[in-house]
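Peer 1: Let me give you the structure first, and then I'll get to my questions.
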Amino acid sequence: MTTHTRRGRYLDELVVGDVYAHRPGRTVTDTDNVLFTTLTMNTQSLHLDADYASRTEFGKVLVNSLFTMSTVVGLSVGDLTEGTTVANLGFSEIVFPAPVFVGDTLFAETEVVSVRESSSRQGQGVVEFEHRGLNHRGELVCRARRVALMLAAPTGESHGQTR
């Protein structure tokens, strides 16, 4: 009997231009938004006060954009970085082109933008990902570039990962 453990991709398995569609999606609840917003001390009325939000151009509470980004990146973990990342090195080019509301379902896809071996850390490398979040209507709601330090496959590890 063989035991299989869920893991992300090693550096050697990531190919520039490949796009991963992450499933399942995640439906955002009011509890998600209120909890994330209050835990992070973001008291913006647009995220917490339905009466105030009803008088804005959106007409209702907006989901905290950092929750949106965190969820989009989080949806990618099982496919890409579970047990294979060393550290996040940075985020850039973060945009939120459309709002997210309670009840929206978020889906994510990630493109591998660049891959290189580390010059200072043997068995590791630097990968740039572009994470894209879409709502259930197919609208782009978040795009973020992330650079991560990733592990190369251990010696003798199979590169033909299947799940």
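Peer 1: Is one or more of the residues making up region 66-82 in contact with a Lys or Arg (Cβ under 7 Å, 6 or more places away or on another chain) and surrounded by fewer than 19 Cβ atoms within 10 Å (Cβ to Cβ)?
Peer 2: From region 66-82, those in contact with a Lys or Arg (Cβ under 7 Å, 6 or more places away or on another chain) are 71, 73, 75, 78, 80, 82; that's our starting set.
Then keep just the ones that are surrounded by fewer than 19 Cβ atoms within 10 Å (Cβ to Cβ); that gives 78, 82.
Yes.
Peer 1: Mind checking whether some residue in region 51-71 is modelled with pLDDT of 95 or more, touching a helix residue (DSSP H, G or I) at 6+ places or on another chain (Cβ under 9 Å), more than 20 Å from CYS142 (Cβ to Cβ) and among the basic types (Lys, Arg)?
Peer 2: no
Peer 1: Somewhere in region 6-16, is a residue of a type in the set (Val, Ile, Thr), in contact with a Ser or Thr (Cβ under 8 Å, 6 or more places away or on another chain), assigned to a strand (DSSP E or B) and under 20 Å from ALA144 (Cα atoms)?
Peer 2: Let us first name the residues in region 6-16 that are of a type in the set (Val, Ile, Thr), namely 15-16.
Then keep just the ones that are in contact with a Ser or Thr (Cβ under 8 Å, 6 or more places away or on another chain); that gives 16.
Narrowing the set further to residues that are assigned to a strand (DSSP E or B) leaves none.
Within region 6-16, not a single residue is of a type in the set (Val, Ile, Thr), in contact with a Ser or Thr (Cβ under 8 Å, 6 or more places away or on another chain), assigned to a strand (DSSP E or B) and under 20 Å from ALA144 (Cα atoms).
Peer 1: Just give me the residues in region 20-57 being more than 29 Å from GLU128 (Cα to Cα), open to solvent by 70 Å² or more (accessible area, probe 1.4 Å) and charged (D, E, K, R), in sequence order.
Peer 2: ASP30, ASP51, ARG55, GLU57, listed by residue number.
The values are calculated or read from the model by the stated rules, or taken from the named source; none is laboratory data. Because the structure is predicted, anything quoted here is derived from the model rather than measured. Methodologically, a virtual Cβ is constructed for each residue, glycine included, from the backbone with ideal geometry; neighbour enumeration extends over all protein chains shown. All accessible areas refer to the heavy atoms of the entire protein, side chains included, with ligands and DNA or RNA removed. Shrake-Rupley method; radii C 1.70, N 1.55, O 1.52, S 1.80 Å.
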